[in-house]
Amino acid sequence: MSEPSGNPQYPEKAEKAVSRDSSPVNYEAETAGLPVERKLKRQLKNRHVAMISIGGVIGTGLFLGTANSLRSGGPVGLLLGYTAVGTICYSVMISLGEMIAYLPIPGGHIKLAERFVSPAFSFAMGWNYWYNWTIFLPAELSAAAVLIDYWEKGRINDALWISICLVVVVVINLLGAGVYGECEFIFASIKVITITGLIILGIVLDLGGGPNHDRIGFRYWKHPGPFVQFNGIGGAKGRFLGWWSVMTQAAFSFIGTEIVAIAAGEAKNPRRNLPKAIRRVYIRILLFYIGGTIIIGWLVPSNDPRLNLNSGNAASSPFVIAISNAGIKGLPSVINAALLTSAWSAASSDLFTSSRALYGLALSGNAPKFFARVSKSGLPYTSVFFCASFSALAYMGVSSGSGKVFNWFANMTSVAGLMTWFGICFTYLRFYSGLKAQGIARNTLPYYTNLQPFAAYWGLVWCLFICFFSGWKVFLKGQWATDTFVTNYLPLVGFPILYGGARWYYKSPLVRAQDMDFVSGIAEIEADNVDEEPPTTWMGKFWAWLM
């Protein structure tokens, strides 16, 4: 068996694909007869990559989304739902990690789909992914404005806060991947410190260490009970529907963990740093999500009337409700500030991810070539500006009428995110078949696990299953809502339509396993490896140990 990096099967293809995958041309120079190759520069350090992967796990879904989940499923339903979705997320991430650690190319899983599935599948994945993160950007800006309104109480129009947040997000992205990575490191650090502090505080409060010295224990698991009878439906059916509602909400909370693949094209020493980030995903899922949901189920009863997301700010967070019940003042504002940094971080990541997705589409020939233009500093500026222009949709949320339309766009991103996970798992199964057909041992890859290909099948089936039943609530008696039905199922139908249209246009079948290209770009990736200086400060050493 030969090692992947030494496979001589496609020498000519490899030479061509290096420039195709990672060396877009300066088109102005080319027009003048002076072709100048420019590409994305690897500016993201190990700690940046690690924090980007963490930032994808911790978000408003944990701080706020768990409110609806607890109200719908109860403490045990909440825990089981998030645990089940955690296994799906982990399956997707180890599938993605094995491919992206071996081929950390610009465009991430979009370009991988072109190599190991087909150009048509890459087209469908790419535009689905671009839509997902382009619409998430204005949604996060609107969320940031609502969070600020927690303090301002409507005294200043939300459009001002949207504008301020938008300018900051665009500037961060225009300053390049290095600045984005540094900002994300700071934002994610705040989220890690916040959720860690809340989990510790939750344990103290549960054991009676709060100002009221009320020892809660498992009180709320007994009354109102471990499960909730969803919508008043009795028996096992009602409890099952309560748990399933948690599953669908939790799946949407985990979307975003895969952005580390998009960052791979700009990561330093990707074959060493990416496996480290992927290996520790399960720790973050267990510590933050599973640990957080256990604490929430201990501290807040599922029938608490404050468990609703109508306000959209810290007031509806289960953590804030628990703190208020314990008689602690001042912390809700601290948590709201953490939520604000979370929304700001997410908006910055949305613009980074959507612009790199568009850049990857342009490299594949699935978007106009000018979106592949790169500045001397390695910034895909045309893609950044184009994606940033869609952030103006955030202003639709200021008025009630257009806000409803905007919410329809935002609702569709959830299913689109799950379809991305489906595409990643399917691409991995093709990747796995190619390795096997060409006699490449998986234990020679920079990262691999013994759970494959079963983990990929697990993620693929469950992603489709959750998407198919994502709009199940509209089928309950008296609950029909046309807009909910359409926004849940349009992305599910849209993905095969995109694939079918591209398949007809490209007229290209699936890439055969024996013809898959495992060589192109490897030499350049290995040449980009540099020795990073070991940390000298105590803080640097701490982060190196943690990551």
Using the structure shown, list the pairs from K237/K473; K268/K436; K153/K473; K111/K268 with a Cα-Cα distance above 24 Å, or answer none.
-> K268/K436; K153/K473
Simple spin-label estimate for F465 and S189 in nanometres, 7 Å along Cα-Cβ = 4.1
Return the loop-located chymotrypsin sites (Phe, Trp or Tyr not before Pro) in the stretch 171-233 (DSSP other than H, G, I, E, B) with at most 13 other Cβ atoms within 10 Å of their own Cβ; answer none if there are none.
-> F218
Taking Cα centroids, how far is the stretch 324-344 from the stretch 454-533 in Å?
-> 36
Taking the highest mean first, how do the peptides 456-462, 233-239, 475-481, 347-353 order by number of other beta carbon atoms within 10 angstrom per residue?
-> 347-353, 456-462, 233-239, 475-481
One would report the Cα pair-distance distribution of the stretch 46-507, bin width 10 Å, in %, as 4, 21, 32, 27, 13, 3, 0
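Read the figures in this text as sums done on the coordinates, not as results from a lab. Only a predicted model underlies this, so the values are computations on that prediction, with no experimental measurement involved. Don't worry about glycine lacking a Cβ; one is built from the backbone with ideal geometry, like all the others, and counts go over all protein chains shown.
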